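Reviewing the structure listed below.
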Amino acid sequence: MSWHGYASLQLAQAHFSQPLWTLDAAQRAEVERQLERKLQLEELVLAHALAVDVMPSAAELHAARQSLHERYGSAEAWQAIMAQIGLSESELQQALAHELRVYQVLERVAATVQPISESEARRYYLDHPRQFLRPEQREVRHILLTVDEEQPGCQLEAVRPRLQALQAELADEPHRFGELALRHSECPTALERGRIGYVVPGQLYAELDAVLFALPVGGISAITQSPMGLHLLQCLDIREAAPIPLEEAVPRIIEQMFVQACAQAQRRWLRSLQRRTQAAMPPH
């Protein structure tokens, strides 16, 4: 397999979230189709005048290699993947150099983009108030008893009565929640008396979210199950949804709009390359 195996690996992950070697025939055919389109477009990019003196440095190639190790877990894991797809060290170097050259040309295309002004960012903030609402936050602590059906004493039917006993104690003395979390919770947050801190919707397991965001301040939940085990939750504070302050939003708007403008400039440039190439082709 040539260095194209590296590109196929990336496409399989991007389109199907699966390793290349696990794809079925239809998926492999789609990856091959996407690879052909990708290579044709990248050939146009690297044939452009902007690419004439583009050559990644040894440091950039090393950084790209390290990024692969981090993405796939370790150097050893990446070596196993290379062996799986039949990618040699020299082919990997060729693939990374190709990828970096394309990226650097596109960076040159984006270099002409200017960020919007602060006044434009302020105007955008005022024109789009719904985009700049900070979601409701809840300060929460919990008691967790883990459930593991394969471990003696950790099955659901054994764990639930233990948490029910703690629930009964808290019904009479809710102020003891932190004390009981410290003594009984099987989560590392026990050391903080069960405190998780402030969370927004979607940050916890869905089962916990639904319960927590229905509690009043000081309220204690019913026993709730998540993939971790059984929980009791206590809501300590509520921060209502509120607008993000203008001065905090403006730098974020400038950055996001700049990133979007760079991406749009690159897409326009790529489309123009394709159009010029098609126009230059002799008619059939």
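The values are calculated or read from the model by the stated rules, or taken from the named source; none is laboratory data. Please read these numbers as outputs of a predicted model, since none were measured by experiment. In this analysis, Cβ positions are derived from the backbone assuming ideal geometry, glycine residues included, and neighbour counts consider all displayed protein chains. With ligands, DNA and RNA removed, areas are computed over all heavy atoms of the protein, side chains included. Shrake-Rupley method; radii C 1.70, N 1.55, O 1.52, S 1.80 Å.
Couple of notes before you dig in:
- For the stretch 187-195, the criterion of being open to solvent by less than 50 Å² (accessible area, probe 1.4 Å) and not in a helix (DSSP H, G or I) is satisfied by at least one residue.
- Residue match in the stretch 90-99 (condition: touching a Lys or Arg at 6+ places or on another chain (Cβ under 9 Å), in a loop (DSSP other than H, G, I, E, B) and not small (G, A, S)): no
- Condition met for P251 (surrounded by fewer than 13 Cβ atoms within 10 Å (Cβ to Cβ) and either at pLDDT below 95 or farther than 30 Å from L126 by Cα (or both)): no
- Evaluated against (1) open to solvent by 40 Å² or more (accessible area, probe 1.4 Å); (2) at pLDDT below 95; (3) under 30 Å from L163 (Cα atoms); (4) not β-branched (V, I, T), A241 falls short on exactly one condition, (3).
- Restricting the stretch 115-164 to residues that are assigned to a loop (DSSP other than H, G, I, E, B) and of a type in the set (V, I, T), the residue that is modelled with the highest pLDDT: I116
- Breaking point among (1) touching a Gly at 6+ places or on another chain (Cβ under 7 Å); (2) over 14 Å from Y6 (Cα atoms), for A110: (1)
- Criterion violated by L87 - all others in (1) open to solvent by less than 50 Å² (accessible area, probe 1.4 Å); (2) farther than 29 Å from Q264 by Cβ; (3) in a helix (DSSP H, G or I) satisfied: (3)
- Single residue of E192, E169, E118 found to be acidic (D, E) and touching a residue at least 60 places away in the same chain (Cβ under 8 Å): E118
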